[in-house]
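Below: one structure, written as structure tokens.
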Amino acid sequence: MKKSIVAFLLFSGFSFAQNMTDTSLYMKSDKITYLSDIGSETGDLYKTIGHHGPAVENEWMALRIYFSDKVAIDVYSKAKPGLELRKAQWYPTAEQQKEGWGADYYKVANTVGLGGVKLWDGEKVVPLNPVSNRLARVGKTDNTSWMEMISKDVPYKGGKVDILVRVTVFSGKREAKVEAICLSKTKVQFVTGVNYFKGFKTDKGSNYIAVWGLHPEDVAASQVEIGAAIKYNQKDYVKNFDDGTQYLLVSKPTKHLETTVISSCALEKDLNTFDKLVNYLK
């Protein structure tokens, strides 16, 4: 009987693997009820949404998109593999951090963060703001979790465009996929990249940019060296430049752009140095 059950499960494609990803979206006024979507005509719910925007996590990191004019991507780093976003709600206590929880050691400031998206009008970077509405959504499949933000009626080259930014994390995989999609009829030029601070180590390959260093002290109980990298297809871009705070990539006119981002920190056992992160990327 037991053999028959096992055979049935194998041939029916049943999987015992657990989905090691998760999502988080809730209002600060109600930390118990998790949401699947939320919108705002002002385009800014930064102060009213938990952890300032939708968030997703895999075993090694969590990512969030700021629900504001930034629409930047921020990083929550982990000391050990596991899911802790819904328990920590991005801000574990100092005591929890001493016990081995992760923390937000990453500072975005006025940049795209890690793989965040803006537009390029031929001369300058254009933020995804102002908008007529901004919508955040989260969801899960059998082995992924995703979050997305739609910015509607963003002024661009004399017209208006709707831009979707989607971040997907995969069970058992360190990297996250970031997609920028123009929902309007016209093609646009996207801007993405990774930020850094003074004293950071940097390595640029033909299809990646990696940085490593201490972010300015912010909300975590201590400072920890953080690595961050963006991987991309060089053929998708026409320009790259350094504005002094971030390495930026300017895409060709398109309706869809895809990159991969990864982050690690000095507290973890695997990619805990800059060299290890770079070797992993290569």
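Tabulated values for the structure
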{"item": "Residue list for segment 91-108, filter: farther than 19 Å from MET149 by Cα and either at pLDDT 95 or above or of a type in the set (Ser, Thr, Tyr) (or both)", "result": "TYR91, THR93, TYR105, TYR106, LYS107"}
{"item": "Candidates LYS185, LYS173, LYS201 - the one that is in contact with a Phe, Trp or Tyr (Cβ under 6 Å, 6 or more places away or on another chain), surrounded by fewer than 19 Cβ atoms within 10 Å (Cβ to Cβ) and over 18 Å from ALA72 (Cβ atoms)", "result": "LYS201"}
{"item": "Every residue from segment 161-185 that is of a type outside the set (D, E, K, R), without any contact (Cβ under 8 Å) to a residue 40 or more places away in the chain and assigned to a loop (DSSP other than H, G, I, E, B)", "result": "LEU183, SER184"}
{"item": "One residue from VAL108, VAL194, VAL138 being closer than 18 Å to SER263 by Cα, in a strand (DSSP E or B) and among the aliphatic types (A, V, I, L, M)", "result": "VAL194"}
{"item": "Segments classed as strands (runs of 3 or more DSSP E), wholly inside segment 1-80, with at least 1 members that are crowded, with 21+ Cβ neighbours inside 10 Å, at pLDDT 95 or above and touching a helix residue (DSSP H, G or I) at 6+ places or on another chain (Cβ under 9 Å)", "result": "22-24, 55-57, 61-65, 73-77"}
{"item": "LEU277, sole failed condition from (1) part of a strand (DSSP E or B); (2) more than 16 Å from the chain's Cα centre (by Cα); (3) within 28 Å of THR21 (Cα to Cα); (4) of a type in the set (A, V, I, L, M, F, W, C)", "result": "(1)"}
{"item": "Check on GLY213, surrounded by fewer than 20 Cβ atoms within 10 Å (Cβ to Cβ) and in contact with a Lys or Arg (Cβ under 7 Å, 6 or more places away or on another chain)", "result": "yes"}
{"item": "Matching residues, segment 93-132, being buried (at least 22 other Cβ atoms within 10 Å of the Cβ) and closer than 19 Å to LYS269 by Cβ", "result": "GLY102, ALA103, TYR105"}
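For every residue, the table says whether it meets (1) hydrophobic (A, V, I, L, M, F, W, C); (2) in contact (Cβ under 8 Å) with a residue 24 or more places away in the chain; (3) more than 28 Å from ASP270 (Cα to Cα); (4) buried (at least 16 other Cβ atoms within 10 Å of the Cβ).
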{"position": "GLU217", "(1), (2), (3), (4)": "no, no, no, no"}
{"position": "GLU225", "(1), (2), (3), (4)": "no, yes, no, yes"}
{"position": "LYS235", "(1), (2), (3), (4)": "no, no, yes, no"}
{"position": "GLN246", "(1), (2), (3), (4)": "no, yes, no, yes"}
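Yes or no, residue by residue, for (1) farther than 30 Å from MET20 by Cα; (2) within 19 Å of the chain's Cα centre (by Cα); (3) of a type in the set (Ser, Thr, Tyr):
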position	(1), (2), (3)
ASP142	no, no, no
GLU148	no, yes, no
VAL154	yes, no, no
ARG174	no, yes, no
ALA180	no, yes, no
LYS187	yes, no, no
TYR196	no, yes, yes
SER206	yes, no, yes
TRP212	no, yes, no
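The values are calculated or read from the model by the stated rules, or taken from the named source; none is laboratory data. Everything numeric in this text was worked out from a predicted model, so none of it was measured. Positions of Cβ are backbone-derived with ideal geometry, glycine not excepted, and every protein chain shown enters the neighbour counts.
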